[in-house]
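Below is one structure, written out as structure tokens; comments come after it.
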Amino acid sequence: MSGVQALLIGFGALTGLGAFLLLRAALVVDQPHLADALARLDGRATVPVAPSAQTGDQWARAAGRAGTWAASQLPASALRAPAQALALIGWTPEGYAARKIGSAAFGALFVPLLTTALGAAGVRLPVVVPVAGSLALAGVLFLVVDVVVRDQAAEARGQMRRALCSYLDLVSLRRDASEGPTIALERAAALGDGWVFGRVADALVAARLAGEPPWDGLRRLAADTGVGELADVADIAAVAAQDGASIAPTLRARAQSLRVQLLAEEEAAANTASEKLTAPVALLSIAFLLLFLYPALARLMAS
């Protein structure tokens with residue numbers, strides 16, 4: 001193995017490792033610490049939060065003032081942070097900007113470094129190739145962060161809606177025990193140990209400290225997260241508080257309808273995924289058929 005080949009192999013390994021670490025830090029949800037997980041198993045955990053917010057936004061802390069300054073220097077149209085989605089997945093606007101800038105910078109530097117390594121191996125490329133490649137890769141990675149935010153926010157909303165079914169059942173049981181709407185909402189939220197129940201409990205506590213009814217806190221949480229079903233719960237609880245109506249059957253019916261809706265959405269997603277496999281399977285079948293018929297066709301063409 002020549003020195004140039006060893007240089008290329010080392011450069012490729014370092015580049016791949018850097019790309020993996022950068023994309024993992026930018027796009028993958030942060031994992032909880034082992035101590036926090038063990039504390040939850042022992043029942044000593046504090047109020048849980050969203051998965052991405054368990055340890056804070058690491059990119060925002062790493063960027064610090066430099067990230068805030070860089071974000072302020074860019075056009076506002078380039079860094080329109082989706083506030084609702086960021087709050088849901090635990091990213092700050094500064095961390096969002098740092099991710100976008102860091103991903104774009106990596107894309108802009110990767111192609112020139114690769115071109116330099118190829119030049120050392122004797123492969124000369126026109127100047128337009130690294131320039132165009134850098135701009136294209138930087139733009140793609142700049143936009144990939146938005147796709148990741150959208151996907152993670154959609155997944156978090158799905159988790160909230162699934163947990164909300166259990167929350168509705170718990171509130172209805174509390175109402176069957178003749179508890180008031182306010183107490184039923186707060187005690188039902190305290191029974192869960194997931195991050196969704198933690199967000200609901202925080203919203204209820206914030207409303208109580210502000211001297212507001214708990215359903216106002218649920219409405220704010222619905223507006224912050226984009227989960228409209230929370231607003232439905234708030235409306236049902238408000239009706240019970242004002243009219244003294246029995247809302248336990250209504251809550252159970254709403255939970256059942258939400259489960260049916262979620263099941264229908266999951267079935268539709270599964271059908272879509274199955275349909276996407278049709279084309280690859282068909283192409284593999286055609287390739288296998290051509291491979292099987294090639295010897296016979298070759299002999300026929302040769303004769």
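Descriptive notes on the structure:
- Note on segment 88-164: with charges restricted to the Cβ of Lys and Arg (+1) and Asp and Glu (-1), its dipole about the Cα centre is near 160 debye.
- Cα centroid separation, segment 133-180 to segment 209-278 (Å): 13 Å
Since every read-out is calculated from the coordinates, none of them should be taken as a lab result. In this text, all values refer to a predicted model and were calculated from it rather than measured experimentally. Glycine also receives a Cβ, built like all others from the backbone with ideal geometry; neighbour counts cover every protein chain displayed.
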